[in-house]
Amino acid sequence: MTEQLADHTTLRLGGPIGQLLTHTHRDDWPDIAQAVRAHDLPPLILGGGSNMITPDAGYPGPVVRIASRGIRARPFDDERVDLVVQAGEPLDRVVDYATEHGLSGIEYLAGIPGTIGAAPVQNTGAYGQEISDTLASITAYDWRLQAAVQIPASACGLTHRSSHFKTIGNWTILSVTLRLRRSTSAAPVTYQRLAEALGTSLGSQPPLATATTGVRADRTAHGLSIPPSGPDSRQVGSVFINPTITQAQAEHIKQHGGPIHQGDDGRPRASAGWLIEYVGHSPGSPIATGIHCSTKRALTLVARERATSATFEEALQRLRHTVRATTGVALDVEPQIIKGVPLA
Ligand SMILES: Cc1cc2nc3c(=O)[nH]c(=O)nc-3n(C[C@H](O)[C@H](O)[C@H](O)COP(=O)(O)OP(=O)(O)OC[C@H]3O[C@@H](n4cnc5c(N)ncnc54)[C@H](O)[C@@H]3O)c2cc1C
């Protein structure tokens, strides 16, 4: 039976795959690269499929599922340890490994679905922490050079929920090196809701295990985890990035009771979830055929019966259009929309 993208994505949408190649061990990579090169089409790279919307028509070329596992610890200096992690290792497992070994720097990323190899692609982050905080370098396969290359984090173009991997896409990440601090205390809490969830104050440093347990509980309570079944079980998390806005837009949003965050560049950012609610949607709202806001938050869209990737994209366009028309704010879609290649 033909493999379907729907079997490998958390939205459970997407059609047939041309050829599925699964990368399970670093030694098998040369064979996988060779099998890909036998196709005329570029490879579609799949991690946990938790941040992509794949075409209903499927992908007729090679699809490489990254499932390589393994974590190796290497002292960097007296205070820091490098973890060299194979790309298919689940991010949440790496967080557990770090917690068990008294290594701090990724604790607030607990509970995020997907693989460590995909984390640099959108500079995955939460609760004031991003993978760029600890990423030292990656090893990637460069499809133009047809060779593995080492790329320092400083050359990855890591910004808020983006990187060169998201925008250019010539590389497949094979492993990442994280530089973590030896400490049984978490990084300082910088996010107000996290402080409340942990029953602590901004700037405090809870024990690592307290931090990861608190983050996972907060994610579940606020609809930031994938429930194993039920109406919210097919999703890709937040569908829009919190947008950078003008000072005038920030004033307008504040007047209407909306939250404003300050981005790393010092410019104001609005809450995409607040904007969606402001234009009239709320948890549970139907948006397009088979597509609803999740029962817990408007910023997560979920797929239900009769959903297709096309109706999911239609829902995204509707929300973008309404927010733009009402507030003038342009929303950028967070998950990757994978374009199919037309069959000849
Ligand atoms: C409930 C839920 C909560 C979430 N919460 C957060 C959150 O708090 N913060 C956040 O940032 N994200 C969040 N996400 C989004 C997602 O989980 C992360 O972005 C995650 O890092 C994606 O990992 P993945 O392996 O599933 O990537 P995939 O969906 O498989 O891939 C995403 C993109 O990366 C590419 N890619 C995957 N692996 C590689 C590789 N090895 N080399 C090169 N390219 C690759 C793919 O081609 C695709 O373009 C959430 C998603 C869900 C469903």
Cross-link reach from K166 to lysines, straight Cα distance under 16 Å and at least 8 residues apart if same chain, gives K339
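Could you give the length gained on full extension between E305 and E3, defined as 0.36 nm per residue of separation minus the Cα-Cα distance, in nm? Could the numbers behind the result be given before it?
Values: separation 302, 0.36 × 302 = 108.72 nm, distance 2.07 nm.
Value of the extension gain: 106.6 nm.
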From fewest to most C-beta neighbours within 10 Å, the residues K254, K296 line up as K254, K296
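Of the peptides 109-119, 4-14, how do they stack up when ordered by the mean number of other Cβ atoms within 10 Å, highest first? Intermediate values should be presented prior to the final figure.
On the way: 109-119: 26.0, 4-14: 21.3.
Ranked by mean Cβ neighbours within 10 Å, highest first: 109-119, 4-14.
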Residue span R182 to Q34: 0.36 nm per residue of separation minus Cα-Cα distance leaves a gain in nm of 49.2 nm
Ranked by GNM mean-square fluctuation in the chain (Cα springs under 10 Å), the top entry among A155, A73, A98 is A155
For A57, placing the label point 7 angstrom along Cα-to-beta-carbon and taking segment 1-21, residues whose amide nitrogen sits under 16 Å are 5, 14-18
Looking only at lysines whose Cα falls under 28 Å of K254's and that sit 8 or more positions away or on another chain, we get K296
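Which order do the peptides 229-235, 35-41, 102-108 take when ranked by the mean count of other beta-carbon atoms within 10 Å per residue, highest first? Can you show the working numbers first?
Numbers: 229-235: 16.0, 35-41: 13.1, 102-108: 23.9.
Put in order of decreasing packing, that is 102-108, 229-235, 35-41.
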Taking a crude spin-label model, label points 7 Å out from Cα along the C-beta direction, the Q146 to H101 distance in nm is 3.6
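Read the figures in this text as sums done on the coordinates, not as results from a lab. Since we're looking at a predicted model, the values are computed, not measured. All Cβ positions, even for glycine, are placed from backbone atoms using ideal geometry, and neighbour counts span all protein chains on display.
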